Amino acid sequence: MLAIFLKTLPFFALIGLGWIAGRTRFFPEDATAWLTKFVFYFALSAMLFRFAATLSLAEIFDTGFVLAYLTGSAVVWVLAMAVARFRGQDLAPAAMEAHTAMTGNTGFLGVPMLVVLLGVQAAGPVLMVLTIDMIVFSTLVTMLVTGARQGRVSVALLGALAMGLLRNPMIMSMLAGLAWSGLHLPMPAPLDEFTQILGAAATPGALFAIGASLAARRAAERVAPAVWLSFAKLVLHPAAVAVAALWVFQVEPYAAGVMIAAAALPVAGNVYILAHHYGVAQARVSAAILISTAASILTVPAVIAWVTGV
């Protein structure tokens, strides 16, 4: 446990450094926004393309893996939705709470950290988790929130969702990498070095951007719901995924371990982007991101130590 904690400490130290820079205004919000855009559109996309280009679709997609992650995540989603509805929340905020309870920071934190800690072979399972979160659950919450507002789900909304996925650089970079791999194209040395150098900026850039963005968040409002959502994300989500992966669908142990570790990640920052866009549950989502990220300094190493047997 201590060894894993010490290995994860530099990653969280980078988040802390970003938080200090943002909190002291040495790194203002505009700078954070531009750094996030650089990481999202360029550095992380280069990293994902390079990973995907070395893999085949068969190495990423496994039916048992997909069903296990979907099942475990859906259980937590339904539970969080039920708790929110029991508290008297309308459908839109309840759906946003459910989304918060099971959407981890896989892109900005999981891809850089888990590949380093669990090995390069972790890239395939992590990319699969990232894809399911973006395609299945992000689409689900968008449909529910919009449907609750408009009273129906239109064809235009489905088209907009599809175009949104196609415009997502993480999705497109993974698809481009898989296409490159599927066509058995050689990777020219200049292109390989280019994506390696650019992709290397993803880890420090993403972690620093996470910390800087957290500096603008507050936990003063909606603390109780945020604590519950953080608990659901950091404890219930990996637990539900572990049961589904290890006992129900009997996923290969290494892939199951990567999936469980990915499920243990704190709430993703893009959940707040959705909440802010629709004006739904913004305070509790923001607080959940802050609380879960702070608590994950201890919970994520514990989960990784458990799945690796260290």
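Just so you know, all these numbers are worked out from the coordinates, no wet-lab data involved. Predicted model only: the values in this text are computed from it and were never measured. Ideal geometry is used to build each Cβ from the backbone, glycine not excepted, and the neighbour counts take in all protein chains shown.
Cβ crowding within 10 Å, taken as a proxy for footprinting-reagent exposure, orders Leu166, Leu9 from fewest neighbours to most as Leu166, Leu9. The gain in end-to-end length when the Ile273 to Thr54 segment is fully stretched comes to 75.7 nm, 0.36 nm per residue minus the alpha carbon separation.
Using the Cβ-Cβ distance between Ala176 and Ala31 with R0 = 22 Å, the FRET efficiency computed as 1/(1 + (r/R0)^6) comes to roughly 0.15. If a/c stays under 1.5 just call it rounded; otherwise compare a/b with b/c (prolate if a/b is bigger, oblate if not). Do that for the chain, with a ≥ b ≥ c from the square roots of the Cα gyration tensor eigenvalues. Since a/c stays below 1.5, the shape of the chain is classed as rounded. Across the alpha-carbon atoms of the stretch 2-139, the computed radius of gyration and Dmax are 17.6, 48 angstrom. Once both labels are positioned 7 Å from their Cα atoms along Cα-to-Cβ, the gap between Leu91 and Gln121 label points is 4.6 nm. Oblate is the label for the stretch 192-310, because a/c, from the alpha-carbon gyration tensor with a ≥ b ≥ c as root eigenvalues, is 1.5 or above and a/b does not exceed b/c.
Of the trypsin sites (Lys or Arg not before Pro) found in the stretch 163-228, those in coil by DSSP whose Cβ has at most 13 other Cβ atoms within 10 Å are Arg218. Of Thr308, Thr63, the sequence from fewest to most neighbouring Cβ atoms within 10 angstrom is Thr63, Thr308. Centre-to-centre, using Cα atoms only, the stretch 55-108 and the stretch 166-194 are separated by 28 Å. Mean residue ellipticity, 222 nm, helices only, the chain: the sum of -39500 (n - 2.57) across DSSP H runs of n ≥ 4, divided by residue count and rounded to 500, is -23500 deg cm²/dmol. Projecting the Cα atoms of Phe249, Asn105, Trp228 onto the dipole axis of the chain, where Lys and Arg carry +1 and Asp and Glu carry -1 at the beta carbon, places Trp228 farthest toward the positive end.
Here the Karplus relation 6.51 cos²θ - 1.76 cosθ + 1.60, evaluated at θ = phi - 60°, turns the backbone of the stretch 30-40 into coupling constants of 4, 5, 4, 4, 6, 5, 4, 5, 4, 5, 5 Hz, with x for every Gly and Pro. Between the exposed loop cleavage positions of the chain, defined as chymotrypsin sites (Phe, Trp or Tyr not before Pro) in a non-H, G, I, E, B DSSP state with at most 15 neighbouring beta-carbon atoms within 10 angstrom, the longest gap is 62-310. Listed from fewest to most Cβ neighbours within 10 Å, the set Val307, Val248 follows the order Val248, Val307.
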